[in-house]
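Asks: Dropping a structure here in structure tokens format, bear with me for questions.
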Amino acid sequence: MPGETNNGMQCNEFEALLFDALDGLLSGAKQGRFRAHARVCAKCGPMFAEVEAGQHWLKSLTEVEAPANLVHNILAATSGIESYRLQEAATATHKPSLGERIREWADSLLTPVWSTVRQPRFAMSFGMAFFSLSVALSVAGVKPSDLKQADFSRNGLRRTYYTTTARVVKYYENIRLVYEIESRVQEFKKATTPAEPGPAKERDKNRKNNSSGQPEPRQERNYSREENQPVLASNPEDPPAVSVTTIRRFA
Amino acid sequence: MEDAQIVNGLVRRCVAGDAVAWEEIVQRYHRRIFNICYRFAGTSDDAQDLTQEVFIKMYRTLSSYDVERGAFMTWVTTMTRNLLVDHFRKTKQDRVTDSIDAAPSEHEDAMPLSERIQDQAAPPDARVQSREAKEAVHEALQKLSPELREAVILRDLQDMDYREIAAVLKVPEGTVKSRINRGRAELARLLQRIYKQVM
């Protein structure tokens with residue numbers, strides 16, 4: 001109870017000295033009286049024990065390490081500069097040469113392009129394009145060894161141009177010669193083959209050879225004919241000479 | 001005093017636009033501020049975000065710091081404390097804060113905190129040294145009311161004197177001592193309750 005005297009110390013005096021006692025500032029007789037009061041006082045004793053235990057628990061907590069990237073994040077969020085210490089250390093130890101700077105510049109340009117190209121959809125497209133190009137080149141007869149030996153000087157390019165032109169002209173002339181010979185041979189065949197297969201036979205042959213996919217004229221007429229339309233006897237295979245004769249008779 | 005002069009010099013250089021001085025300030029104080037935030041907020045992620053917020057605010061308002069009005073450390077801690085209080089209000093953490101005199105409920109009986117303390121036979125002093133015991137203390141600290149929590153953090157974890165704490169919390173020194181007393185006692189009760197359950 002407040003005001004109660006135990007071992008020569010009152011409770012309010014005990015409370016006043018509590019923080020000094022907990023901070024280890026009491027000494028000698030004062031500390032003895034304080035401890036004695038804590039032992040005998042039913043109110044102050046348990047209170048002191050609790051507070052001392054709480055302090056003990058709290059003091060057991062050690063300082064935690066901050067995350068490694070915290071300083072970097074703070075500097076990036078405030079001054080926007082990553083770390084002057086690191087930057088200065090880097091510049092002091094190593095100055096980049098012109099080649100390195102060019103390489104860095106090229107890297108800064110190419111890295112985003114390369115990261116885009118590496119995406120699967122682009123990679124597949126480029127793969128297909130490369131495959132098509134290589135097939136086209138092999139069909140055209142272009143060899144990589146020819147490209148290696150190519151001379152890119154002015155005279156070399158001129159020589160390559162004339163050589164290529166000559167090759168194309170020669171190829172064209174050869175093709176023309178082949179076609180001419182072929183056409184001559186066909187003419188010769190026509191001249192030597194016995195003539196006149198019959199007209200009906202020829203028509204049959206034409207019909208068989210009709211690969212245009214168009215239906216026969218007769219079929220067209222049949223499919224387009226209406227039901228009440230009179231069916232006229234006709235023979236499209238007959239020559240038109242018959243009708244001509246009929247007209248003459250009535251006239 | 002020498003340290004205070006160095007810090008004041010850094011602040012002057014920083015206000016003048018010296019980025020190296022600002023980095024030096026960040027290097028000096030980030031760990032301390034992170035620890036205050038971690039012990040108050042409870043999680044490392046929240047503490048990281050709050051520490052960044054403190055430095056962002058500090059960077060913007062550094063020119064308003066007056067050397068005559070108090071130590072830089074007190075100014076920084078006040079700023080940290082204000083942000084922590086704002087954070088506490090936003091997250092409404094007081095809903096889960098235990099009352100000092102509340103009787104242990106059935107929910108508390110099933111507290112996972114006690115399950116983590118495995119070495120039941122060991123004496124309390126030995127348990128304090130263990131990681132599990134430290135985690136238990138850290139969790140019990142989160143159960144204190146924010147007024148008591150900030151007082152004990154500044155006193156027992158940051159070793160600030162009562163006058164400085166009074167300046168940071170903007171309350172009289174007597175109130176500071178009372179809060180520290182109550183905070184320590186409540187923490188001890190919470191932990192004793194846990195240990196009684198597991199023993």
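The values are calculated or read from the model by the stated rules, or taken from the named source; none is laboratory data. Note that the structure is a prediction, hence the values are computed from the model and not measured. When we count neighbours, we look across all protein chains shown, and the Cβ atoms used for this are built from the backbone with ideal geometry, even at glycine.
Asks: Checking A:Met9 against (1) away from every other protein chain (no Cβ under 12 Å); (2) modelled with pLDDT of 90 or more, only one condition comes out false. Which one?
Replies: (2)
Asks: Now for a different question. Looking at (1) without any contact (Cβ under 8 Å) to a residue 12 or more places away in the chain; (2) more than 13 Å from every other protein chain (Cβ to nearest Cβ); (3) surrounded by 17 or more Cβ atoms within 10 Å (Cβ to Cβ), which is the only condition B:Met79 fails?
Replies: All conditions pass for B:Met79, except number (1).
Asks: Follow-up question, since we're still on this one. Being more than 10 Å from every other protein chain (Cβ to nearest Cβ) and assigned to a helix (DSSP H, G or I) is the filter here, so list the residues in segment B:38-56 that pass it.
Replies: Correct list: B:Phe40, B:Ala41, B:Asp46, B:Leu50.
Asks: Still on this structure, please answer the following. Can you give me the number of residues within segment B:23-37 that are facing chain A (nearest Cβ under 7 Å) and either under 13 Å from the mean Cα position of the chain (by Cα) or not charged (D, E, K, R) (or both)?
Replies: Step one: list which residues in segment B:23-37 are facing chain A (nearest Cβ under 7 Å), which gives B:23, B:26-27, B:30-31, B:34-35.
Add one more test, that the residue is either under 13 Å from the mean Cα position of the chain (by Cα) or not charged (D, E, K, R) (or both), and what stays is B:26-27, B:30-31, B:34-35.
Going through segment B:23-37 one residue at a time, the tally reaches 6.
Asks: Another one. Please tell me if B:Glu173 is surrounded by 16 or more Cβ atoms within 10 Å (Cβ to Cβ), more than 9 Å from chain A (Cβ to nearest Cβ) and under 21 Å from B:Trp75 (Cβ atoms).
Replies: Spelling it out, it is not the case that B:Glu173 is surrounded by 16 or more Cβ atoms within 10 Å (Cβ to Cβ), more than 9 Å from chain A (Cβ to nearest Cβ) and under 21 Å from B:Trp75 (Cβ atoms).
Asks: Okay, moving on. Tell me, which residue of segment B:59-72 that is in contact (Cβ under 8 Å) with a residue 12 or more places away in the chain, closer than 18 Å to B:Glu164 by Cβ and in a helix (DSSP H, G or I) is nearest to the chain's Cα centre (by Cα)?
Replies: Looking at the filtered set, the residue picked out is B:Phe72.
Asks: Determine the pairs where a residue that is at the interface with chain B (Cβ under 7 Å from one of its Cβ atoms), located within segment A:61-74, has a partner that is modelled with pLDDT under 90 with Cβ atoms under 7 Å apart, the partner being 6 or more residues away or on another chain.
Replies: Partner pairs satisfying both residue conditions: A:Leu61/B:Lys134.
Asks: Also: Inspect segment B:9-16 for any residue being within 11 Å of another protein chain (Cβ to nearest Cβ) and closer than 17 Å to B:Asn82 by Cα and give the result as yes or no.
Replies: no
Asks: If you don't mind, another one. Can you pull out the residues in segment B:144-159 that are surrounded by fewer than 20 Cβ atoms within 10 Å (Cβ to Cβ) and away from every other protein chain (no Cβ under 11 Å)?
Replies: B:Ser145, B:Pro146, B:Glu147
Asks: Quick check on my filter: what residues within segment B:4-52 are among the hydroxyl-bearing types (Ser, Thr, Tyr) and closer than 12 Å to A:Ile74 by Cα?
Replies: So the first thing to find is which residues in segment B:4-52 are among the hydroxyl-bearing types (Ser, Thr, Tyr), and the list is B:29, B:38, B:43-44, B:51.
Of everything in segment B:4-52, those that are among the hydroxyl-bearing types (Ser, Thr, Tyr) and closer than 12 Å to A:Ile74 by Cα turn out to be B:Tyr29, B:Thr51.
Asks: Still on this model: Under the condition of being part of a helix (DSSP H, G or I), of a type in the set (Gly, Ala, Ser) and under 28 Å from B:Leu190 (Cα atoms), which residue from segment A:25-50 is nearest to the chain's Cα centre (by Cα)?
Replies: Among those residues, the one meeting the criterion is A:Ala49.
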